[in-house]
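Readers should treat all values here as calculations from the given coordinates under stated rules, not as data from a laboratory. Computed from a predicted model, the values in this text were never measured in an experiment. Don't worry about glycine lacking a Cβ; one is built from the backbone with ideal geometry, like all the others, and counts go over all protein chains shown.
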Amino acid sequence: MTNISCTAHNGSSIPSVGLGTYKSEPGQIKIALQNAIQSGYRHFDLAAFYQNESEIGDCFKEIFSEGLVKREDLWITSKLWNSEHRPERVENACRKTLSDLKLDYLDLYLIHWPMSTPPELGGIPKDSSGRLVTDSVPIHKTWEAMEELVKKGLVRNIGVCNFVVPLLEDLWNCATIKPMVNQVEMHPFCQLPELVKYCEYRQICLTAFCPIARPGSHPQFDVNKSQILLDISKAHNKTPAQVALRWNIQRSRMISVIPKSVTPSRIKENIDIGDFTLSDDEMRQIETLDRTGRVSNPNTTFGFAAFN
């Protein structure tokens, strides 16, 4: 799968399968990264909010020093947290990530969520009623500061996460450097067809997080309990998770996936999806699974209706 990629409007190409690192525990992430490199991964998705970038940086340093891969062989993404949206804070936040990761540049830097919070409160601040405490920073002002990161050579591409079509279009129309990527939750139970069509039109790459919908933690969105996915997986001698990943990258040339795992066998399994193709009928069957269901719901996490 390492030679398959999606290419954006600016000519940059992102490998179609990457490793997600959200909630990767201390001590586990180093082994996960080493296994991923050995399994052929060249795309790694990180974020300051995940609180593991320093450990990941130590691992990258070791990987590069051992000659397993060169820095230029990897696509490394990180993200700007909600508390750092004020324009004067963006560069420092990026430099902190670069320092933690022991890197000179990022391939991609994303605005993590389309809402800002007061920097002095950090994390996910909520009021007494459980609603997110927000900061009045227009996205286009944050974006202008993101563009400066490209001009200074700190990052090579910039993009966003969790943006709906109207927000993307507004940003597209005001941006000097257009967003390369929109990272969103996307799997057979949350298919977002209109967003896919829009991103194909604008040639904005879509990166799917939770592409197998976290089996086990959300029973109603469990790929291992879907009879359709089970039947298709048996037909191809693959797992339901592999079918879900293959479906996502097969449905559009603009989609990449970043399944998260620290288990060596699953890390290898998740990238081993290049040797089979789903039929048109199988693709249509999977389309019937769409429930617009999210396992990462900002209404719950933030008390903020980001997708309404």
Can you say what percent of the DSSP beta bridges in the stretch 72-183, counting only those with both residues inside, are antiparallel? Round to 5. 10 percent
When the Cα atoms of the stretch 18-136 are enclosed in a convex hull and the volume is divided per residue, what value in Å³ results? 108 Å³
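What pairs from LYS70/LYS238; LYS79/LYS197; LYS23/LYS141; LYS126/LYS260; LYS238/LYS260 go past 20 Å between their alpha carbons?
On the way: LYS70/LYS238 32 Å; LYS79/LYS197 24 Å; LYS23/LYS141 30 Å; LYS126/LYS260 28 Å; LYS238/LYS260 18 Å.
In this structure, LYS70/LYS238; LYS79/LYS197; LYS23/LYS141; LYS126/LYS260 exceed 20 Å between Cα atoms.
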Within the stretch 116-155, DSSP-loop GluC sites (Glu not before Pro) with at most 11 other C-beta atoms within 10 Å are GLU120
Under a point-charge model restricted to the Cβ atoms of Lys and Arg (+1) and Asp and Glu (-1), what is the dipole moment magnitude of the chain relative to its Cα centre, in debye to the nearest 20? 140 debye
Projecting each Cα onto the charge dipole of the stretch 126-256 (Lys/Arg +1, Asp/Glu -1 at the beta carbon, about the Cα centre), which of PHE209, PRO179, VAL137 comes out farthest on the positive side? PHE209
Identify, among SER233, PRO26, ASN299, the residue whose Cα sits farthest towards the positive end of the charge dipole of the chain, taking +1 on the Cβ of Lys and Arg and -1 on the Cβ of Asp and Glu, with the dipole about the Cα centre. SER233
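Below 8 Å between Cα atoms, with a sequence gap of 6+, how large is the relative contact order for the stretch 21-145 in percent?
Working: 168 pairs, mean separation 30.4, N = 125.
Answer for the stretch 21-145 is 24 percent.
Report the semi-axes of the equivalent ellipsoid for the chain in whole Å, largest first, where each axis is √(5λ) for an eigenvalue λ of the Cα gyration tensor. Intermediate values should be presented prior to the final figure.
Details: eigenvalues 166, 109, 72 Å².
Semi-axes from the Cα gyration tensor: 29, 23, 19 Å.
Among residues other than HIS9 whose Cβ falls under 13 Å from its Cβ, what is the net charge (Lys/Arg +1, Asp/Glu -1)? Before the final figure, lay out the partial values.
Details: positive: LYS178, ARG202, ARG253; negative: GLU200.
It works out to a net charge of +2.
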